[in-house]
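Student: Take a look at this one; I'll ask things after.
The values are calculated or read from the model by the stated rules, or taken from the named source; none is laboratory data. Fair warning: this is a prediction, and the values are worked out from it, not measured in the lab. A quick note on method: Cβ atoms are made from the backbone with ideal geometry, for glycine too, and the neighbour counts reach across all protein chains shown. Heads up: the accessible areas ignore ligands, DNA and RNA and are worked out on the full protein's heavy atoms, side chains in. Shrake-Rupley method; radii C 1.70, N 1.55, O 1.52, S 1.80 Å.
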Amino acid sequence: MVIVLGGGLSGLSAGYYLLKRFGKPAAIFESSNRLGGWIRTENHQDKGFIFELGPRTIRPRGAAGANTLEMIEDLHLPTESIRSTHIAAKNRMIYAKGELCLLPNNLGGIFATRPPFSKPLYTALFHDLQASSKKIKYGDESIYSFVKRRFGSELADYAISPMICGICAGDAKEISVRFLMNDLFETEQQYGGVVKGFFLSKLKGRKELRDGHINSPGIFVENMPSLYQRAVKERWSMYRLIDGLETLPKALETYLRSRNIEINLSSECTKILFGDDGVRLKIRDTMVLAEHVISSIPSYRLAACVKDQHPGLAGQLLAIPYVNVAVVNLQYCADNLLQQRGFGFLVPPVERRPILGVIFDSCCFEMGENTVLTVMMGGKWFEEYFGQNPTKKDLLDIALKEVEDILGICQEPRFSRVHILEKCIPQYNVGHKQVVEGIRRYIEHYKLSLSVCGAAYDGVGINDVIMSARTNVENLSFS
């Protein structure tokens, strides 16, 4: 039997793909009393709104995006899309220099000078053309350093840094360039510049095409999933599930249980021992035997399980840091409180404010006659701004003050929720790629019946963790 550790989205997806590929019996063990991990929806449909306590939307981009849509289609889940012309898709802002600044949303926007930038964004291309080439030691640097080096400090401070806050609540000065800009970095290292490399690689690509060398289309060799084709045709920018994102893990649970997949809650694994006769796991003081283990639990939890037998592997797993994030959901009984509508705004770290950003939920989707906001706080700077043990009231008070200062909303919300998500997002710091390669190399070298998937290894987004599960399952072979 294959055992999956973790009942978050990646673990449930691993169970789903094990069924699809092998039809084998499997068991999922989750340490908490619920499934879904950090995905959690609080439904107030009777009042016309929902709170998302974690992720809320999914982007239909690339093979990973198509893969998620294939799963959603297979599970018969209804979606609600935001098209590229929707105001939430077009209007994305940052709060900088005392005002909300609308980021360019079309080609013409890069030719105008808009705050907080002191000159048009297209000039960053000339900065790249004039910048000298530099071979980076050990093949990695921070995404902040890369962007500053190639495109200038303004773009690093006011575009890339807040974007990293929004994606992983991290510090762009520590996050690896390979996290989001791996291809750009490789191009720059190969050709000596991003713009130069772009054109030279295009010419090389055309030559390879003429010579008959065509890249593999990936997992969808024959055709893309029909829902993905629809998303492309209708130009979806993002989408959600009708009753909230927690619908997805709940649907996966129903799918798996109906096909005799064993799902165990409140079942923490505390030790894993590998031997010639398989893998033994200590779960609730009972030893469970498995043919193979797929771990989707946080890397630091897996480290605690393997440290006695494989301290070297545990050390590498512990090299992946995590951050805490506070999520404050607010609902106001009026739908006209926002002077500027859009997806929301992010706050560059250089502004030194105690929030990462605010999502305008009621601008993205229908929320009745309500204004619904989500304030994201902490991340890399959690302890710096809030100390080690902030109360929920402290966090709520800070969130409300920021909403008043930046958005001018003075009234008290009718409903509010504060959740502290401890160690919720792994940080892909400089060297992360080598760390993950080292972990998988160790597993292969010692022939451990272990696969690792999830946010710590292959990307932190919804699409990433689902694809991570699929890839790891497809790499398995059973006699």
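Student: How many residues are under 19 Å from GLN189 (Cβ atoms), open to solvent by less than 20 Å² (accessible area, probe 1.4 Å) and assigned to a loop (DSSP other than H, G, I, E, B) when one looks only at the stretch 110-151?
Tutor: Result for the stretch 110-151: 2.
Student: Of all residues in the stretch 460-479, count the ones that are in a helix (DSSP H, G or I), of a type in the set (A, V, I, L, M) and open to solvent by 20 Å² or more (accessible area, probe 1.4 Å).
Tutor: Step one: filter the stretch 460-479 for residues in a helix (DSSP H, G or I), giving 462-474.
Next cut, of a type in the set (A, V, I, L, M) only: 462, 465-467, 469, 473.
Those still in the list that are open to solvent by 20 Å² or more (accessible area, probe 1.4 Å) too: 462, 467.
Selection size over the stretch 460-479: 2.
Student: Looking at GLN427, is it touching a Cys at 6+ places or on another chain (Cβ under 9 Å) and closer than 27 Å to TYR144 by Cβ? Write out each step before concluding.
Tutor: Numbers: touching a Cys at 6+ places or on another chain (Cβ under 9 Å): yes; closer than 27 Å to TYR144 by Cβ: yes.
Taking the combined requirement at face value, the residue satisfies it.
Student: Shifting gears a bit: Can you tell me which residues in the stretch 152-184 are open to solvent by less than 20 Å² (accessible area, probe 1.4 Å), in contact with a strand residue (DSSP E or B) (Cβ under 8 Å, 6 or more places away or on another chain) and in a helix (DSSP H, G or I)? Spell out the reasoning first.
Tutor: Our first condition is that a residue be open to solvent by less than 20 Å² (accessible area, probe 1.4 Å); within the stretch 152-184, this holds for 152, 156, 160-162, 164-165, 168-170, 172, 175-177.
The next check asks that each one be in contact with a strand residue (DSSP E or B) (Cβ under 8 Å, 6 or more places away or on another chain); those that pass are 162, 164-165, 168-170, 172, 175-177.
If the condition is that a residue be open to solvent by less than 20 Å² (accessible area, probe 1.4 Å), in contact with a strand residue (DSSP E or B) (Cβ under 8 Å, 6 or more places away or on another chain) and in a helix (DSSP H, G or I), then PRO162, ILE164, CYS165, CYS168, VAL177 are the ones that fit.
Student: Considering only the stretch 334-344, I want to know if a residue exists there that is outside any loop (DSSP other than H, G, I, E, B), of a type in the set (Gly, Ala, Ser) and not assigned by the TED database to the domain that holds LEU18. Explain how you work it out, then say what you get.
Tutor: Filtering the stretch 334-344 down to residues outside any loop (DSSP other than H, G, I, E, B) leaves 344.
Among the residues that remain, those that are also of a type in the set (Gly, Ala, Ser) are: 344.
In the following step, the residues that additionally are not assigned by the TED database to the domain that holds LEU18 were identified as 344.
Scanning the stretch 334-344, I find at least one residue that is outside any loop (DSSP other than H, G, I, E, B), of a type in the set (Gly, Ala, Ser) and not assigned by the TED database to the domain that holds LEU18, so the answer is yes.
Student: Same structure again: Does the stretch 237-294 hold any residues that are within 30 Å of ASP308 (Cα to Cα), hydroxyl-bearing (Ser, Thr, Tyr) and either in contact with a Lys or Arg (Cβ under 6 Å, 6 or more places away or on another chain) or buried (at least 18 other Cβ atoms within 10 Å of the Cβ) (or both), and which are they?
Tutor: SER267, THR270
Student: Same structure, new question: Being without any contact (Cβ under 8 Å) to a residue 24 or more places away in the chain, of a type outside the set (Gly, Ala, Ser) and either open to solvent by less than 40 Å² (accessible area, probe 1.4 Å) or in a helix (DSSP H, G or I) (or both): is that true of ILE72 here? Walk me through how you get there before you give the answer.
Tutor: Values: without any contact (Cβ under 8 Å) to a residue 24 or more places away in the chain: no; of a type outside the set (Gly, Ala, Ser): yes; either open to solvent by less than 40 Å² (accessible area, probe 1.4 Å) or in a helix (DSSP H, G or I) (or both): yes.
It is false that ILE72 is without any contact (Cβ under 8 Å) to a residue 24 or more places away in the chain, of a type outside the set (Gly, Ala, Ser) and either open to solvent by less than 40 Å² (accessible area, probe 1.4 Å) or in a helix (DSSP H, G or I) (or both).
Student: Does the stretch 46-62 contain at least one residue that is open to solvent by less than 30 Å² (accessible area, probe 1.4 Å), touching a residue at least 24 places away in the same chain (Cβ under 8 Å) and in a helix (DSSP H, G or I)? If you could, list the steps in order and put the result at the bottom.
Tutor: So the first thing to find is which residues in the stretch 46-62 are open to solvent by less than 30 Å² (accessible area, probe 1.4 Å), and the list is 48-54, 56, 58, 60.
Filter once more, keeping what is touching a residue at least 24 places away in the same chain (Cβ under 8 Å): 48-54, 56, 58, 60.
From what is left, the residues that are in a helix (DSSP H, G or I) are none.
No, that holds for no residue.
Student: Okay, moving on. Would you mind listing the strands (runs of 3 or more DSSP E) fully within the stretch 242-333 where at least 2 residues are farther than 25 Å from TYR16 by Cβ and out of contact with any helix residue (DSSP H, G or I) (no Cβ under 6 Å at 6 or more places or on another chain)? Quick ask: steps written out before the conclusion?
Tutor: Values: elements: 262-264, 269-275, 278-283, 286-290, 292-295, 322-332.
Hits in the stretch 242-333: 269-275, 278-283, 286-290, 322-332.
Student: Further, regarding this structure: Among the residues of the stretch 301-337, write down those that are open to solvent by 30 Å² or more (accessible area, probe 1.4 Å), among the aliphatic types (A, V, I, L, M) and under 30 Å from ILE355 (Cβ atoms). Full working, then the answer.
Tutor: In the first step, residues of the stretch 301-337 are kept if they are open to solvent by 30 Å² or more (accessible area, probe 1.4 Å); the result is 301, 304, 307-309, 311-312, 315-316, 318-319, 321-322, 324, 333, 335-337.
Now restrict to residues that are among the aliphatic types (A, V, I, L, M): 304, 318-319, 337.
Selection gives LEU318, ALA319, LEU337.
Student: Taking the criterion of being under 19 Å from ILE175 (Cα atoms) and of a type in the set (Gly, Ala, Ser), would at least one residue in the stretch 117-132 satisfy it? Write out each step before concluding.
Tutor: We begin by selecting, within the stretch 117-132, every residue under 19 Å from ILE175 (Cα atoms); these are none.
Among the residues of the stretch 117-132, not one is under 19 Å from ILE175 (Cα atoms) and of a type in the set (Gly, Ala, Ser), which makes the answer no.
Student: Taking interchain pairs and intrachain pairs at least six residues apart, which have beta carbon atoms under 7 angstrom, with the first residue in the stretch 97-121 and farther than 20 Å from PRO349 by Cα and not assigned by the TED database to the domain that holds LEU356 and the second open to solvent by 80 Å² or more (accessible area, probe 1.4 Å) and not in a loop (DSSP other than H, G, I, E, B)?
Tutor: ASN105/LYS90; PRO120/PHE111
Student: Here's a follow-up. Determine whether TYR446 is modelled with pLDDT of 95 or more and either over 27 Å from the mean Cα position of the chain (by Cα) or not assigned by the TED database to the domain that holds VAL279 (or both). Walk me through it before giving the result.
Tutor: Working: modelled with pLDDT of 95 or more: yes; either over 27 Å from the mean Cα position of the chain (by Cα) or not assigned by the TED database to the domain that holds VAL279 (or both): yes.
When the stated conditions are applied, TYR446 passes them.
Student: Quick one: in the stretch 85-103, which of the residues that are under 23 Å from the mean Cα position of the chain (by Cα) and closer than 14 Å to PRO162 by Cβ is most open to solvent (accessible area, probe 1.4 Å)?
Tutor: Result: ARG92.
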